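Peer 1: Quick one: the structure is below, and I'll ask about it shortly.
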Amino acid sequence: MIVATTVEQVRAQVREWKSAGLTVGLVPTMGYLHEGHASLIDTARANCDRVVASVFVNPTQFGEGEDLDSYPRDFEHDCALLEEHGADMVFHPSVDEMYPDGGGQTATFVEILNDMPKQLCGKTRPIHFRGVCTVVSKLFNIVTPDKAFFGQKDAQQLAIIRRMVRDLSYGIQIVGCPIVREEDGLAKSSRNTYLSAEERAAALCLSRAVFLGQDLVAQGEKSADAVVDAMVASIQAEPLARIDYVSAVDGVTMEPVHTFDGTVLVAMAVYIGSTRLIDNFIVEA
Ligand code: AMP
């Protein structure tokens with residue numbers, strides 16, 4: 001596996017692959033990789049001739065007081081996992097390589113100006129999706145992939161990237177990949193490492209709420225409000241949990257909905273102690 005740290009290295013290699021007629025898949029990550037990320041690599045591997053993963057903790061998507069400095073990092077372990085899953089190249093740039101103004105500063109952002117980034121996670125993370133769109137645009141410009149792979153775990157991010165790709169005419173196919181869970185149900189996340197043993201047990205209230213919501217829908221519940229209410233009540237039974245939001249929104253626009261009609265995303269963010277975790281499910285009606 002090629003380890004590239006500069007934009008130029010990536011461009012030169014991708015040029016070579018493309019001139020040989022090979023297709024390129026991109027899997028953007030912030031590292032501290034787990035089986036959720038591995039599933040994206042596997043899907044990319046199955047869909048593209050060459051697979052590039054990026055490992056970059058992007059400063060522009062973290063707000064004041066968020067976990068930019070403490071975000072877990074283990075590049076050696078990441079390389080081992082990527083190699084095992086057949087990635088051809090990992091792009092691991094410094095902050096200055098990605099943001100030449102230094103210190104993660106940039107004068108140019110890519111930002112969706114409708115309400116999509118203001119819903120759900122956007123309410124507590126107002127600059128988050130501007131940072132995500134900016135760094136993903138940069139990665140698209142650097143790697144010029146044919147396809148890019150994102151997890152359904154970050155459902156709002158996936159919807160926003162799809163919109164950005166449409167609005168900016170990136171000729172890149174966006175592939176969404178299902179949520180990978182621990183055996184007991186907890187969605188895999190690099191941030192799970194922040195949890196104490198007691199918090200790890202409490203964190204199961206998120207996936208329990210997802211499964212409860214899915215059961216209610218399977219039993220024929222048509223009211224998204226009723227499903228959300230039941231999920232809220234079940235999470236509130238966990239003393240270590242503090243709900244940021246539990247919401248049902250249109251799966252494409254992220255606008256709030258009250259009934260299941262078309263594609264609906266039921267998503268949540270819940271603090272377990274000081275760790276903010278997310279989970280969700282999609283309902284197709
Ligand atoms: P991150 O490193 O957290 O920025 O995530 C990088 C990519 O991996 C994003 O597209 C995430 O949605 C995806 N991802 C993270 N956790 C999971 C998971 N448990 N299942 C599926 N995809 C995931």
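Peer 1: Accessible area per residue of the chain at 1.4 Å probe, in Å²? List each step's numbers first, then the result.
Peer 2: On the way: 12880 Å² over 285 residues.
Normalised by residue count, the accessible surface of the chain is 45 Å².
Peer 1: Another question about this same structure. Express in Å², to the nearest 10, the accessible area of residue 99 obtained by rolling a 1.4 Å probe over the protein heavy atoms while all chains stay in place.
Peer 2: The accessible area comes out at roughly 0 Å².
Peer 1: Right, here's the next one. Antiparallel as a % of all DSSP beta bridges within the chain, to the nearest 5? Working shown, then result.
Peer 2: On the way: 22 of 41 bridges.
Around 55 percent of the beta bridges assigned by DSSP in the chain are antiparallel ones.
Peer 1: For residue 20, project a label point 7 Å along Cα to C-beta. Then give me every residue of segment 69-98 with its amide nitrogen under 17 Å of that point.
Peer 2: Answer for segment 69-98: 86-90.
Peer 1: Going by the alpha-carbon gyration tensor, a ≥ b ≥ c the square roots of its eigenvalues, is segment 137-285 rounded (a/c under 1.5) or, if a/c is not under 1.5, prolate (a/b greater than b/c) versus oblate?
Peer 2: Values: a/c = 2.34, a/b = 1.35, b/c = 1.74.
It comes out oblate by the Cα gyration axes.
Peer 1: For the chain, what does -39500 (n - 2.57) per DSSP helix run (n ≥ 4), summed and divided by total residues, give at 222 nm, in deg cm²/dmol to the nearest 500? It would help to have the intermediate numbers written out before the result.
Peer 2: Details: 9 runs with 103 residues, N = 285.
About -11000 deg cm²/dmol.
Peer 1: Further, regarding this structure: Give me the net charge of residue 216's neighbourhood, meaning all other residues with Cβ under 11 Å from the Cβ of residue 216; Lys, Arg count +1, Asp, Glu -1. Write out the running numbers ahead of the final one.
Peer 2: Values: positive: 222; negative: 215, 221, 229.
That sum, taken over residues with Cβ under 11 Å, equals -2.
Peer 1: How many nm is it between the label spots at residue 214 and residue 108, if each spot is 7 Å from the Cα in line with the beta carbon?
Peer 2: According to this spin-label approximation, the distance is 4.2 nm.
Peer 1: Tell me the carbon and sulfur percent of the accessible area for segment 57-139, rounded to whole percent, probe radius 1.4 Å.
Peer 2: Working: 1970 of 4060 Å².
Percent of accessible area from carbon and sulfur atoms in segment 57-139: 49.
Peer 1: Right, here's the next one. Any of 18/188; 18/118; 118/222; 18/123 with alpha carbons more than 31 Å apart? Name them for me.
Peer 2: Details: 18/188 34 Å; 18/118 38 Å; 118/222 26 Å; 18/123 41 Å.
Where the Cα-Cα span goes over 31 Å, the pairs concerned are 18/188; 18/118; 18/123.
Peer 1: Let me know the Kirkwood hydrodynamic radius for the chain, please, with Cα pairs as the basis and the value in Å to one decimal. Each step should come with its number before you reach the end.
Peer 2: Numbers: mean 1/r = 0.0509 Å⁻¹.
Kirkwood radius, the chain: 19.7 Å.
Peer 1: Pop a pseudo-label 7 angstrom from the Cα along the beta-carbon direction at both residue 259 and residue 168 and give the gap in nm to one decimal.
Peer 2: 3.8
Peer 1: Give the ranking of 133, 79 by solvent-accessible surface, highest area first, calculated with a 1.4 Å probe. Intermediate results must be reported in sequence, preceding the final value.
Peer 2: Working: 133 0, 79 25 Å².
The ranking, largest first, comes out as 79, 133.
Peer 1: Right, next: Can you list the aspartates and glutamates whose alpha carbon sits under 19 Å from that of residue 147, skipping same-chain ones fewer than 8 residues off?
Peer 2: 16, 42, 49, 88, 167
Peer 1: Could I ask something else about it? Using only the Cα atoms of segment 1-143, build the gyration tensor, take square roots of its eigenvalues as a ≥ b ≥ c, and label the shape rounded, prolate or oblate: rounded if a/c is under 1.5, else prolate if a/b is larger than b/c, else oblate. Before the final figure, lay out the partial values.
Peer 2: Values: a/c = 1.66, a/b = 1.52, b/c = 1.09.
Note, shape of segment 1-143 comes out prolate.
Peer 1: Which value in nm describes the separation of the simple spin-label points at residue 77 and residue 242, placed 7 Å from the Cα toward the beta carbon?
Peer 2: 2.7
Peer 1: Then there's this: Output wanted: per-residue J couplings in Hz (rounded whole) for segment 182-189, from phi through Karplus 6.51 cos²θ - 1.76 cosθ + 1.60, θ = phi - 60°, x for Gly and Pro.
Peer 2: In residue order, the calculated couplings are 5, 4, 7, x, 4, 5, 5, 7 Hz.
The values are calculated or read from the model by the stated rules, or taken from the named source; none is laboratory data. As the structure is a prediction and not an experimental result, all values here were calculated from the model. Cβ: placed from backbone, ideal geometry, glycine included. Neighbour counts: every protein chain shown. Heavy atoms of the whole protein, side chains included, go into the accessibility calculation; ligands, DNA and RNA do not. Shrake-Rupley method; radii C 1.70, N 1.55, O 1.52, S 1.80 Å.
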